[in-house]
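Worksheet for the structure shown next.
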Amino acid sequence: MNKKAEKFNIICLSNQVWDFPLRTNKRHVMERIGKMFHNVLFVDPPINTGRLFLRHILQGRWSIKRLITQVYKDSEVSIFSPLNPHPGYKKLAYKHSERINRVASRLFSKDKKTILWVYHVELPFLEIYLKEIKHDFLVYDCVDNYEAFPKYDTEEKRKWVAGQEKLLAERANIVFTTAPNLFEKLKKFNPNTHYTPNVGDYDRFADIRNSSTRVPSDLKGLKKPIVMFTGAVDEYKFDKNLVKKVASDYPSYSFVIIGPNALKDKDTTKKALGFEGYENVYFLGRKEYTDLPKYISKADVLMIPYQLNDYTVGGCFPVKFHNYLSSGLPVVVTDLPAYAPFSDVCYISKDYNEFSRNIRKALEEDSDDLAKKREKVASQNTWDQKVNKMLSLIRDTIKRI
């Protein structure tokens, strides 16, 4: 951490709320930037004041102070949660921009440059935000292949989101991308585009395979070996049929799934997920991020059973991958382009049969030497290293303009 390097005011327009049930790359990046003595204002996507919002209030996620100010602080980051009381998005874009400027003026240092750091390419009337929010430098941090989202199921919808992304990429002073195909796509719009892949929370997950922590109650009694996945169980990434295949191939293994149902703010059941007939599949639901090491440490193999489709192949690099490597445990994955540089520390599977074989192979080959090799790679791919690289690239760009 370089205390002498130039510090910035940063306004982050996110497409996921700060207190999202999974720890996202946006939060990892902004938390670390905040700890590096920069001023960070993380702006949640505008929240519609409907049934979901009422559920959040009933869950105690909104204090009276937050309801009044819509601003709260976590770690070294200030979070602004703008509320949408009506669907007039164009008027709200001006209103939210004005409020962002007002909150920023209270929190920011006048002697620092202000960076507008945008993740939320799908934000309605994005151009208004780019025009109205006061900033000196614009970053587009691309973490998804948005055109391949299932909700963009018509040519018109795909054209709209592609136009949003082209606008943002061309206007940005610098573009960051988290997957190889995202880099190839966006460098056509902006020559100052860089590949900054997702990394891992090394210090949190390092060497937990040797942890002596107590077995969580919902893992007690499960047969070994335990093959585990942690993360959202969604329709466009998570491959349920692949999990059913390996569960059938290895009826004496325990397959544990930990995470929320897709990105929805609701719980679900094993039956609803389609695993009712699989006695060796255990769905434990959502766990706090801070509790994940306790669960992962009791696994024998970690898997990322993602589908191979336009979304995943076109722009997916799971954040969990380097967390898994940090643990030292063997990791079995499907054949996403982002994994190619790490073929010697994970088991890349081109089809269902190879994925199944790799689970057995991972168990048979596992050793302390391989664990150390995986941990070493993870130690070279951390959030602090990534953030330092991004800030260095920003400073270099500022010098040139």
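The values are calculated or read from the model by the stated rules, or taken from the named source; none is laboratory data. Because the structure is predicted, anything quoted here is derived from the model rather than measured. Positions of Cβ are generated from backbone atoms using ideal geometry, with glycine treated the same way; all protein chains shown enter the neighbour counts.
State whether one or more residues within the range 311-325 are without any contact (Cβ under 8 Å) to a residue 60 or more places away in the chain and either buried (at least 17 other Cβ atoms within 10 Å of the Cβ) or of a type in the set (Ser, Thr, Tyr) (or both). No, every residue in the range 311-325 fails to be without any contact (Cβ under 8 Å) to a residue 60 or more places away in the chain and either buried (at least 17 other Cβ atoms within 10 Å of the Cβ) or of a type in the set (Ser, Thr, Tyr) (or both).
Only residues that are out of contact with any helix residue (DSSP H, G or I) (no Cβ under 7 Å at 6 or more places or on another chain) and buried (at least 22 other Cβ atoms within 10 Å of the Cβ): list them for the range 117-134, please. Answer for the range 117-134, where residues must be out of contact with any helix residue (DSSP H, G or I) (no Cβ under 7 Å at 6 or more places or on another chain) and buried (at least 22 other Cβ atoms within 10 Å of the Cβ): just Trp117.
Note on the range 351-387: among residues that are in contact with a Lys or Arg (Cβ under 9 Å, 6 or more places away or on another chain) and not acidic (Asp, Glu), the one that is nearest to Asp203 (Cα to Cα) is Trp383. Filtering Asp234, Asp207 for residues that are outside the structural domain of Val139 (by TED's automatic domain parsing), over 23 Å from Asn309 (Cα atoms) and either out of contact with any Lys or Arg (no Cβ under 7 Å at 6 or more places or on another chain) or of a type in the set (Lys, Arg) (or both) leaves a single hit, Asp207.
In the range 50-71 there is at least one residue matching the filter, namely being at pLDDT 90 or above and either buried (at least 18 other Cβ atoms within 10 Å of the Cβ) or more than 18 Å from the chain's Cα centre (by Cα) (or both).
Only one of the numbered conditions (1) charged (D, E, K, R); (2) within 18 Å of Pro318 (Cα to Cα); (3) over 22 Å from the mean Cα position of the chain (by Cα) is violated by Asp201, and that is (3).
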